[in-house]
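To start, the structure under review is shown below, and the notes come after it.
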Amino acid sequence: MNFVFHRTYRGPLQAVILDWAGTTMDYGCYAPAVVFVDVYRRKGVPISIAEARVPMGAHKKVHIRKISQLEAVAQRWLAQHGRPPTEDDVEAMFQDFIPLQLACLADYADLVPGTLEALEDFRRRGLKIGSTTGYTGEMMKLLVAEAKRRGYEPDATVCATDVPAGRPEPWMCLQNAMRLGVYPMEAIVKVGDTLPDIEEGLNAGMWTVGLAKTGNELGLNEAEIAKLDSATLTAKLTVANRRMRQTGAHYVVDGIGDVPALLDDINARLARGERP
Ligand SMILES: [Mg+2]
């Protein structure tokens, strides 16, 4: 056969999938970072908050394992314990992590400014709203209730413990698509503040938007950002922007409030037959 038929989706976006910490709530993505530091401290192995942030976005147990594999942390562990960390250590730290995280989650549940306005825009466009997270189901039960009290109620929430594997694998995004009843995947845009967020969306065949300022990349809350001089802030944003672009993000903006302005562009690209 000399010719093949290409089927192309030319319709508009139908859904947006949002990350939680650092995207819609917990400006600076602090809640998990401080608990990872605490969990390692309890094992006699101090880690910096920057080290705690490196694997952000992953399932929290995977995250604990990945911290233990950072070379500097592995060396400190060896010096303290006389042996490298084992899977039993990872499991023990995860068991410590769960109650510590549950105890402080509500303290970091305030919505990122601009979230409610962005949600209104998504709703006006008729988009369904899904969500994914590295938090466990137990943690999400609490966070979903906190979000609802603040006016945010997504149509679907899928966490790392609901699927065979969390980010960067695409299953949480695909489970959202199924629960929302939305297809094809190019009719969905995934928004998040970490590199695994972007990989997750790309692996699911979706458009992806990276948030450089409000989440884990800067790792600072609003008050801390306000104290930076503009050259330092610009330099930090440039690094975050580059890292997200290099991971493959279709767009990188400061925060969720900047996402509505991108949607017409994505719709125009879809109408031209472009795919993510
Ligand atoms: Mg996040």
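The values are calculated or read from the model by the stated rules, or taken from the named source; none is laboratory data. Here the structure is a predicted model, which is why all the values come from computation and not from measurement. Ideal geometry is used to build each Cβ from the backbone, glycine not excepted, and the neighbour counts take in all protein chains shown.
Restricting attention to the range 196-217, and to residues there that are within 12 Å of the ligand (Cβ to nearest atom) and touching a residue at least 60 places away in the same chain (Cβ under 8 Å), which single residue is farthest from residue 13 (Cα to Cα)?
Going through the qualifying residues, I end up with 216.
Can you pull out every residue in the range 177-235 that is basic (Lys, Arg) and either part of a loop (DSSP other than H, G, I, E, B) or surrounded by 24 or more Cβ atoms within 10 Å (Cβ to Cβ) (or both)?
190, 213, 227
For the range 108-145, give me each residue that is under 18 Å from the mean Cα position of the chain (by Cα), more than 30 Å from residue 267 (Cβ to Cβ) and more than 14 Å from the ligand (Cβ to nearest atom).
Once the filter is applied, which keeps residues that are under 18 Å from the mean Cα position of the chain (by Cα), more than 30 Å from residue 267 (Cβ to Cβ) and more than 14 Å from the ligand (Cβ to nearest atom), the range 108-145 yields 110, 136, 137, 138, 141, 142.
Can you report the number of residues in the range 127-158 which are assigned to a loop (DSSP other than H, G, I, E, B) and farther than 19 Å from residue 56 by Cβ?
8
This table checks each residue for (1) buried (at least 17 other Cβ atoms within 10 Å of the Cβ); (2) outside the structural domain of residue 209 (by TED's automatic domain parsing); (3) touching a residue at least 40 places away in the same chain (Cβ under 8 Å).
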{"site": "101", "(1), (2), (3)": "yes, yes, yes"}
{"site": "116", "(1), (2), (3)": "no, no, no"}
{"site": "127", "(1), (2), (3)": "yes, no, yes"}
{"site": "131", "(1), (2), (3)": "yes, no, yes"}
{"site": "138", "(1), (2), (3)": "no, no, yes"}
{"site": "145", "(1), (2), (3)": "no, no, no"}
{"site": "154", "(1), (2), (3)": "yes, no, yes"}
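This table checks each residue for (1) in a helix (DSSP H, G or I); (2) crowded, with 17+ Cβ neighbours inside 10 Å; (3) within 16 Å of the ligand (Cβ to nearest atom); (4) over 21 Å from the mean Cα position of the chain (by Cα).
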{"site": "8", "(1), (2), (3), (4)": "no, no, no, yes"}
{"site": "13", "(1), (2), (3), (4)": "no, yes, no, no"}
{"site": "17", "(1), (2), (3), (4)": "no, yes, yes, no"}
{"site": "23", "(1), (2), (3), (4)": "no, yes, yes, no"}
{"site": "27", "(1), (2), (3), (4)": "no, yes, yes, no"}
{"site": "36", "(1), (2), (3), (4)": "yes, yes, yes, no"}
{"site": "47", "(1), (2), (3), (4)": "no, yes, no, yes"}
{"site": "58", "(1), (2), (3), (4)": "no, yes, yes, no"}
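Would you call residue 161 part of a helix (DSSP H, G or I), surrounded by fewer than 24 Cβ atoms within 10 Å (Cβ to Cβ), modelled with pLDDT of 95 or more and of a type in the set (Ser, Thr, Tyr)?
Judged against the criteria, residue 161 is not a match.
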